[in-house]
1. Quick check: residue separation of Arg26 and Arg49 times 0.36 nm, minus the Cα distance between them. What number comes out in nm?
2. What translational diffusion coefficient, in µm²/s and rounded to a whole number, does the Stokes-Einstein relation yield for the chain at 25 °C and a viscosity of 0.890 mPa s, taking the hydrodynamic radius as the Kirkwood radius over Cα pairs?
3. Counting Lys and Arg as +1 and Asp and Glu as -1, what is the net charge of the other residues whose Cβ lies under 15 Å from the Cβ of Glu68?
4. Roughly how big is the chain's charge dipole about its Cα centre, with Cβ charges of +1 (Lys, Arg) and -1 (Asp, Glu), in debye to the nearest 20?
5. Going by average Cβ neighbours within 10 Å, how do the peptides 45-51, 25-31 rank, with the highest at the top?
6. For Val61 and Arg73, compute 0.36 nm times the residue count separating them, minus their Cα-Cα distance, and round to one decimal in nm.
Amino acid sequence: MIVTDLGLPGIDGFEMCRRLQNDERRREVPIVAITGRYFSPADVARARREGCRAVLIKPFVGDDLVAEVERIRKRG
């Protein structure tokens, strides 16, 4: 599982997710995006289209991240 911020230096998180999804060896690795910058419903939908299985908006509590990781882990 990859937990990443969408606001990365040099490459945005959307592009990183797109590249991972296009890489056959990494396509099945779940991605959880964290963001404080991209928070509109359209941005969340875009992150999901790019391969994110969950998007957490800052600020959030650690239990939210744990819950998303567990949800994804159980679904396989």
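A short reminder: the numbers here are calculations on the coordinates, not readings from a lab. Values in this document were obtained by computation on a predicted structure and should not be read as measured data. Cβ: placed from backbone, ideal geometry, glycine included. Neighbour counts: every protein chain shown.
1. 6.7 nm
2. Values: Rh = 12.5 Å.
The calculation lands on 196 µm²/s.
3. Details: positive: Arg48, Arg53, Lys58, Arg71, Arg73, Lys74, Arg75; negative: Asp5, Asp63, Asp64, Glu70.
Computed value for this residue: +3.
4. It comes to approximately 260 debye.
5. The packing order, highest mean first, is 45-51, 25-31.
6. 2.4 nm
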